[in-house]
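See below for the structure under consideration.
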Amino acid sequence: MRVLKFGSGTVTKSAGKKAFIIGFLCIATYIINYYLRNMLSVFSPQLYETGLFSVEHVGLLSSTYMVLYAVGQVVNGFLGDFLSPKKIITMGICLSGLSSIAFPFVKIHALQILCFALLGFGLSMFRGPLMKIISENTQPNYARTICVFFSFASCAGPLIASMFALINSWMISFVIAGVIALLCAAAVFVIFTRMENKGTLTYSIAKSDGIRSIFAVFKIERVTFFIIITCVIEIVSTSVIFWIPTYLTSVLKFDNNTANLIYSASSVLRAVMSFVTLFVFKILHERDIPMLRACFAISTLMFAFMIFAGNKWLNLTFLFIALLAISMASTLLWSIYIPSLGKTGRVSSINGVIDGAGYVAAAVSTTLFATAMENVGWSLVIVMWVFIAAVGVAATFYKSK
């Protein structure tokens, strides 16, 4: 068997091929996850124009999705360590795809909310099991590389959603997105089943110890600190970014097409930051805490500068820099810390707990932002963004090691 040198270790050619197949499928699946979750945000200006959706109603749809996603992350994260990750992922893709297809044809508000509740729960079945498959079936250097592409996928998803908005109506785009998800579910199930039958894909199934299985997660190193960091990152990466298309059209007065192009450009830049982060991380000798502190400090200053920027292009520049800084922090969390937990056998569980906590914070923030917009205005919303980023800075001093 041919042996190759990779990083600081030695890997086989077959290990590289296996990592490529697993990585390709997992990244493709995660891209689908992110464009489905960003469809509502991208199409919100079109939804307002129909007269059928208000800002508060769209905010409620988003918050419902986030709450169910957060709850589902915890539930499915633990299930991912005790059941077959392949089956959980497949069911999640199918549920998400069917919800996306159904949404355009539902006119009753309560049923629209139900669609986004199911969408959120379905999407919550992805990441924990995917991370378990990656961390337990690929060597560490490969796992880290795949997870960097996961961060890329989190930005590529919004880009794909914004491209849908440029070429199709919102109704057609939701249907097409759902159909693509169902096709992906079939591919994942077939390919992973074949790998299982060949013995090239295996999982360590954890033994349940009742309620103690849940509390065991909190004994893993730096979990509490990273839960706090995740809350800050997810509020900006999910809740703040959700309102960006609305901010571009209602505050900066860009038309819908220009707003979509700007949103696409920000997605591309944030995707590139995934790779820049890994490069900078190496240069700084893997000092994650100082790097996180710098990212949050930059985003705090940039959000603050937006309050005083009189020119819309200057305002947009500050916004871009703030989002890029948070993207670097996000990559540190999801591409460096989480993959390092493979030997614990609890990757899916800890991923679910951390991501679930982040989405609870994001869900609450989305509703608060919508209320602030309606009753006070965008100036208060941006002040809230400044405060949230500043919490991230403070947290890094709490855990300085």
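The values are calculated or read from the model by the stated rules, or taken from the named source; none is laboratory data. Nothing here was measured: the structure is a model prediction, and the numbers come from that model. All Cβ positions, glycine included, derive from the backbone under ideal geometry; neighbour counts span all protein chains shown. Side chains are part of the model used for accessible areas, which takes the heavy atoms of the whole protein and leaves out ligands, DNA and RNA. Shrake-Rupley method; radii C 1.70, N 1.55, O 1.52, S 1.80 Å.
Of the DSSP H helices in the chain, those that are both long (alpha-carbon extent of 24 Å or more along the helix axis) and hydrophobic (Kyte-Doolittle mean at least -1.0) are 13-50, 55-82, 85-102, 140-167, 170-198, 256-283, 288-308, 312-331, 347-375, 378-398. Measuring between their Cα centroids, the stretch 231-291 and the stretch 65-130 lie 24 Å from each other. A full extension of the chain between Ser169 and Glu286 corresponds to an added length of 37.6 nm, given 0.36 nm per residue minus the alpha carbon distance. Between Ala265 and Lys198, take the C-beta separation as r, use R0 = 35 Å, and let me know the FRET efficiency to the nearest 0.05. After rounding to 0.05, the efficiency reads 0.25. Surface calculation, 1.4 Å probe, protein heavy atoms: Phe24 sits at approximately 130 Å² accessible.
Stretching Asn257 away from Ile176 to a fully extended chain increases their span by 27.2 nm, per 0.36 nm per residue minus the current alpha-carbon distance. Summarising the overall dimensions of the chain from its C-alpha atoms, the Rg and Dmax are 20.4, 67 angstrom. Compared with the direct C-alpha span, the chain from Ala110 to Phe320 gains 72.1 nm at full extension, assuming 0.36 nm per residue. Taking the Cβ-Cβ separation of Val190 and Phe20 as r and a Förster radius of 25 Å, what is the calculated FRET efficiency to the nearest 0.05? So, using R0 = 25 Å, E works out to roughly 0.90. Computed with every protein chain present, the accessible area of Ser250 is close to 50 Å² [probe 1.4 Å].
The listed residues Phe105, Phe369, once ranked by accessible area (1.4 Å probe) with the largest placed first, stand as Phe105, Phe369.
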